[in-house]
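Q: Supplied in structure tokens, the structure appears directly below.
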Amino acid sequence: MDELLRVQALARRYGAATVFENVEFTLRAGEFLAIVGESGVGKSTLLNCLAGLDGWDAGRIVHAGGTDLAALDDAQRALWRRAHVGFVFQAFHVLPHLDVAQNVGLPLLLLDRHDGARVQQMLAAVGLEGLGGRLPQQLSGGQLQRVAIARALVHRPALLLADEPTGNLDPGTAARIMDLLIAQTREHGAALVLVTHSQAAAARADRVLHLTAQGIRPGA
Ligand SMILES: Nc1ncnc2c1ncn2[C@@H]1O[C@H](COP(=O)(O)OP(=O)(O)O)[C@@H](O)[C@H]1O
Ligand SMILES: [Mg+2]
């Protein structure tokens, strides 16, 4: 399969403190990769680096087609991210003043590709049919994460990044959201990088990598 992402000798430091170094891995198109590791080891930092939302101190991140994130300025990186990446966060990050349909449609709007039918299709795909006019405050946590999943995939990105997406949910809801996230990612043919504490979630990945301060290695 095609290579979607290559991370080479990546390091992130704060002053003299090293968060991680020697992080190396590749990701294939459509692959589901889980990244596990202790709290504070830098999992969120690494995901943000992959999305070009955070900087790093050594190494390279090269995306499909040879896009070297370090070679892009902030504006170019934002445009690249809008087109190619979807993000699902633990805390949902749904915009409170926009209704559900507007939240889901936002990536299309930012790409100048508004498409109401596509938004309705995504709402149905995540089990929120008929709820497009609701405000986020009228939804449960599980429903909010469904909105976030629909928003992350509506523009058909090749790469979906998910940072502890079930961390704020009760176990039953978490299991259903993980099922949905994986099914929708597969349905769209996107690659998924999932940061998780959940052994059950990691066990469903094609591959598991363990992040430590010294690097990243196979295994749970
Ligand atoms: N502004 C900062 N200054 C110094 N250290 C920071 C700063 N921001 C984050 N860190 C450190 O980076 C490390 C990685 O954090 P994070 O990526 O959130 O870890 P994880 O997601 O694995 O729990 C933490 O140990 C944290 O203390
Ligand atoms: Mg984190």
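Values quoted throughout were computed directly from the atomic coordinates according to the rules given, and no laboratory measurement underlies them. All of these numbers come straight from a predicted model, not from anything done at the bench. As a convention, Cβ positions derive from the backbone with ideal geometry for all residues, glycine included, and neighbour counts pool all protein chains shown.
Q: Residues of segment 26-66 with backbone nitrogen within less than 19 Å of a virtual label 7 Å along the Cα-to-Cβ line of Ala83, please, listed as ranges.
A: Within reach of a label on Ala83, which here means backbone N under 19 Å from a point 7 Å along Cα→Cβ, segment 26-66 contributes 29-30, 50-53, 61-66.
Q: Just the number, please: percent antiparallel of the DSSP beta bridges in segment 3-218, rounded to the nearest 5.
A: Within segment 3-218, antiparallel bridges account for around 50 percent of the total.
Q: Something else about it: Most mobile of Gly59, Gly30, Gly133 per a Gaussian network model of the chain (Cα springs, under 10 Å)?
A: Among Gly59, Gly30, Gly133, the largest GNM mean-square fluctuation belongs to Gly133.
Q: Once the cut-off is 21 Å, how many percent of the Cα-Cα pairs in segment 62-140 end up in the long-distance tail?
A: 39 percent
Q: Related question: Quickly estimate the mean residue ellipticity at 222 nm for the chain, helices only: each DSSP H run with n ≥ 4 gives -39500 (n - 2.57), and the total goes over all residues, rounded to 500.
A: Result for the chain: -10500 deg cm²/dmol, rounded to the nearest 500.
Q: For the chain, find the longest principal axis of its Cα atoms and tell me its angle to the long axis of helix 74-84, 0 to 90°, nearest 10.
A: It is inclined by approximately 60 degrees.
Q: Based on other C-beta atoms within 10 Å, arrange Val19, Val126 from fewest to most.
A: By the 10 Å Cβ count, ascending: Val19, Val126.
Q: Would you kindly state how much longer the chain becomes between Leu110 and Asp73 on full extension, computed as 0.36 nm times their sequence separation minus their alpha carbon distance, in nm to one decimal? Walk me through the numbers before you get to the answer.
A: On the way: separation 37, 0.36 × 37 = 13.32 nm, distance 1.83 nm.
Here the answer is 11.5 nm.
Q: Taking the number of other C-beta atoms within 10 Å as the exposure measure, put Trp80, Trp56 in order starting with the fewest.
A: Lowest count first: Trp80, Trp56.
Q: Could you tally the net charge around Val154, taking each other residue with its Cβ under 13 Å from the Cβ of Val154, Lys/Arg +1 and Asp/Glu -1?
A: Net of charged neighbours comes to +4.
Q: For the chain, how big is the tail of P(r) above 24 Å, as a whole percent of Cα pairs?
A: 41 percent
Q: How far is helix 116-125 tilted, in degrees, relative to the longest principal axis of the Cα atoms in the chain, given as a value from 0 to 90 rounded to the nearest 10?
A: Its long axis makes an angle of about 80 degrees.
Q: Within 10 Å of each residue's Cβ, count the other Cβ atoms and sort Ser198, Ser39 from fewest upward.
A: Final ranking by Cβ density, sparse to dense: Ser39, Ser198.
Q: Here's a follow-up. Could you work out how far helix 141-153 tilts from the main Cα principal axis of the chain, as a 0 to 90 degree angle to the nearest 10?
A: 70 degrees
Q: Count charges around Leu123 for me, please; just the other residues with Cβ under 15 Å from its Cβ, Lys/Arg as +1, Asp/Glu as -1.
A: Net local charge, Leu123 excluded: 0.
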